[in-house]
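Here the structure is laid out as C-alpha cells; the discussion comes afterwards.
The values are calculated or read from the model by the stated rules, or taken from the named source; none is laboratory data. Note that the structure is a prediction, hence the values are computed from the model and not measured. Quick reminder, even Gly has a Cβ in these numbers, built from the backbone with ideal geometry, and neighbours come from all protein chains shown.
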Amino acid sequence: MDTQQQLRLVALVATGGAIGSVLRYGVSGALSRTDFPWGTFAVNFTGTFLLALLFFLSLERGLFSPELRALLFVGVFGGYTTFSTFGLETVTLLRGGETLLGAFNILLNGGICLGAAFLGAGVGLLLAGGQTWS
C-alpha cells in the first residue's frame with residue numbers, strides 16, 4: 001500500500017471516528033438522565049450489535065470495500081464504542097474454535113481492565129489530595 005492510500009485510509013478513519021464520537025455523545029447524553037449509566041449501556045449494546053452484524057454480513061457476502069470497512073469498523077464504531085471491538089474480537093475467537101483465547105480475552109478486558117479503572121481511580125484520588133472512596 002502506498003503512502004497516498006495509507007493517508008486516505010487514515011482520513012477515512014478520522015472522519016468515521018468524528019462521526020462515531022458525535023453519535024456517542026448524542027445517544028449517551030440523551031439516555032443518561034438517571035443514576036444508572038443507561039447511555040453508556042445503550043452505546044455499548046448498539047455498537048457491539050451493529051458492528052458484529054455488519055462485519056459478519058460483510059464477511060459472508062463481501063459487501064464493503066477496504067475503504068468503507070476502515071470508515072465504519074475502525075472509524076465510526078471505534079469512535080462510538082471500543083466495547084464493540086472487544087465483543088467482535090471475542091466472538092471471532094470463539095467462532096474460530098479458539099475457546100481459551102476467547103476466555104482469556106474476556107478475562108483480560110472484562111476483569112483486568114476493569115481493575116485498571118479502579119487502580120487509576122485510586123491513584124487519581126490519592127494524587128488529588130488523599131481522597132478516599134465515599
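Could you go through the range 76-89 and let me know if any residue there is surrounded by 12 or more Cβ atoms within 10 Å (Cβ to Cβ) and not assigned by TED's automatic domain parsing to the domain that holds L9.
no
So S58 fits all but one of (1) crowded, with 18+ Cβ neighbours inside 10 Å; (2) modelled with pLDDT under 90; what number is the exception?
Every listed condition holds for S58 apart from (1).
From the list I106, I112, which residue is touching a Ser or Thr at 6+ places or on another chain (Cβ under 7 Å) and without any contact (Cβ under 8 Å) to a residue 40 or more places away in the chain? Show your work before the answer.
Details: I112 fails: touching a Ser or Thr at 6+ places or on another chain (Cβ under 7 Å).
Just a single option satisfies the conditions, and that option is I106.
Taking the condition of being under 26 Å from V27 (Cα atoms) and without any contact (Cβ under 8 Å) to a residue 40 or more places away in the chain, how many residues in the range 88-103 meet it?
To start, the set of residues in the range 88-103 that are under 26 Å from V27 (Cα atoms) comprises 88-91.
Filter again for without any contact (Cβ under 8 Å) to a residue 40 or more places away in the chain, leaving 89-91.
Total meeting the criteria: 3.
Residue check, T48 against (1) over 25 Å from Q6 (Cα atoms); (2) surrounded by fewer than 17 Cβ atoms within 10 Å (Cβ to Cβ); (3) not basic (K, R), all met but one. Which one?
Checking T48 against (1) over 25 Å from Q6 (Cα atoms); (2) surrounded by fewer than 17 Cβ atoms within 10 Å (Cβ to Cβ); (3) not basic (K, R), the one that fails is (2).
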